[in-house]
Amino acid sequence: MPLKLASLKMGGRDGTLVVVNRDLTKAVAVPGIAPTLQVALENWQELAPELKSVCRLLNQGEGRDILPFDRLLAEGGCASPLPRAYQWADGSAYLNHVELVRKARGAEMPTSFLTDPLMYQGGSDRFIGPRDPVEAVSEEHGIDFESEVAVVTDDVPMGTPPLAAARHIKLIMLVNDVSLRGLIPGELAKGFGFFHGKPASAFSPVAVTPETLGAAWDGGKLHLPLVTMLNGRPFGHPNAGIDMNFGFPELVAHAARTRHLGAGTIVGSGTVSNRDRSVGSSCLAEVRTLETIEKGKPETPFLRFGDRVRVEMRDAEGNDIFGAIDQEVVQYAAP
């Protein structure tokens, strides 16, 4: 039974869990089942059937206290499905993207990258709502978006292999993994990884169970175009299932190699990227890299205050699956 879940900005930092209908127009809160998505994930085997029953009734037009989800979303009432998480680990599964970015700075891609996924641990104490602004201190930091897919797990034991890891994937959603490109090189040069260069990320309004995606989900990859718009104009629509060198079971297994993953762990795909240049890109850095390779220097600027980024995915019939991440970049005003 397909299931779509979201969190409204009420009831505390972890929001209020709602079940959403298939066309993302209506929702119903389920405090009697699980007050938050984190609670649902920690008790998934027991609670998922109850949530699916609510979803079935909602899609049939039945139920009490039905909320206008589309209006609430438009008014900024939605948080990310997990407004905060115990863990956010982002991979880089599209080696075409990795190879291009390294090539632009004159670095070869190590052969180990072909067998050992790249992954970093991002901040997860606060995510940006899907319609909330991306706040940045300065345009000089090189503000960029990264359109991605992510999965959410239940409890994953340490050392779980990929085949078993697939069974722990409970939800799928989209990501705008915000990057500050001007800060990243200096941080990486220290040899200790990202921190200031990776501020808060944003996730799609809705997270869905794998069966919601039908044949587009093959158990490890999502075979649909990921559409990014910049200031209302098409930017890229690469297929998330093409040129993905490591599927999500491999990424989850990699994250669990030396640690247990707690329920509610989010694992990202990294920037979706296809070798077919006609489909565009999912971040500005990749476009700038291609310009550097072809013309000797980048021409496309990074994001400016007032720019707007939209990330969404539709099924084969054109139906919105996750709801759109739609955000304006604004200058942060310190209190």
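The values are calculated or read from the model by the stated rules, or taken from the named source; none is laboratory data. Nothing here was measured: the structure is a model prediction, and the numbers come from that model. All Cβ positions, glycine included, derive from the backbone under ideal geometry; neighbour counts span all protein chains shown. Heads up: the accessible areas ignore ligands, DNA and RNA and are worked out on the full protein's heavy atoms, side chains in. Shrake-Rupley method; radii C 1.70, N 1.55, O 1.52, S 1.80 Å.
Based on DSSP H runs of at least 4 residues, each adding -39500 (n - 2.57), what is the mean residue ellipticity at 222 nm of the chain after dividing by all its residues, to the nearest 500 deg cm²/dmol?
Result for the chain: -5500 deg cm²/dmol, rounded to the nearest 500.
Over segment 146-199, what lengths in whole Å, largest first, do the semi-axes of the equivalent ellipsoid take, defined as the square roots of 5 times the eigenvalues of the alpha-carbon gyration tensor?
That gives 29, 16, 8 Å for the three semi-axes.
May I have the count of lysine pairs in the chain with C-alpha atoms under 20 Å apart, counting pairs 8 or more residues apart or located on different chains?
Lysine pairs meeting both conditions in the chain amount to 11.
Could you bin all the Cα-Cα distances of segment 1-104 into 10 Å bins starting at 0 and give me the percent of pairs in each, rounded to whole numbers?
Here the calculated profile for segment 1-104 is 14, 40, 25, 13, 7, 1.
How big is the dipole moment of the chain about its Cα centre under a simple scheme where the beta carbon of each Lys and Arg is +1, that of each Asp and Glu is -1, and everything else is neutral? Debye, nearest 20, please.
Value, rounded to 20: 180 debye.
Rounded to the nearest whole Å², what accessible area per residue is found for the chain with the 1.4 Å probe?
45
Spin-label point model (7 Å from Cα, Cβ direction): what's the ASP276 to PHE195 distance in nm?
4.3
Compute the relative contact order of the chain as a whole-number percentage, counting only Cα pairs closer than 8 Å that sit 6 or more residues apart in sequence.
Relative contact order here is 23 percent.
Rounded to the nearest whole Å³, what is the per residue volume of the convex hull around the Cα atoms of segment 202-289?
Cα convex hull per residue, to the nearest whole number: 137 Å³.
Rg(Cα) of segment 189-335 divided by 2.2 N^0.38 Å?
1.17
Rounded to the nearest 10 Å², what accessible area does PHE127 have for a 1.4 Å probe in the complete protein model?
Answer for PHE127: close to 20 Å² accessible.
Gap in Å between the Cα centre of segment 78-150 and the Cα centre of segment 13-57?
What the calculation gives is 28 Å, centre to centre.
Please compute the volume of the convex hull spanned by the alpha-carbon atoms of segment 110-228 and report it per residue in Å³.
Enclosed volume per residue, from the Cα hull, is 156 Å³.
Hey, can you rank 258-271, 280-293 by average C-beta count inside 10 Å, highest first?
For the peptides 258-271, 280-293, the packing ranking is 258-271, 280-293.
If R₀ is 41 angstrom, what is the calculated FRET efficiency for the pair VAL39 and GLN331, using the beta carbon separation as r and rounding to 0.05?
0.65
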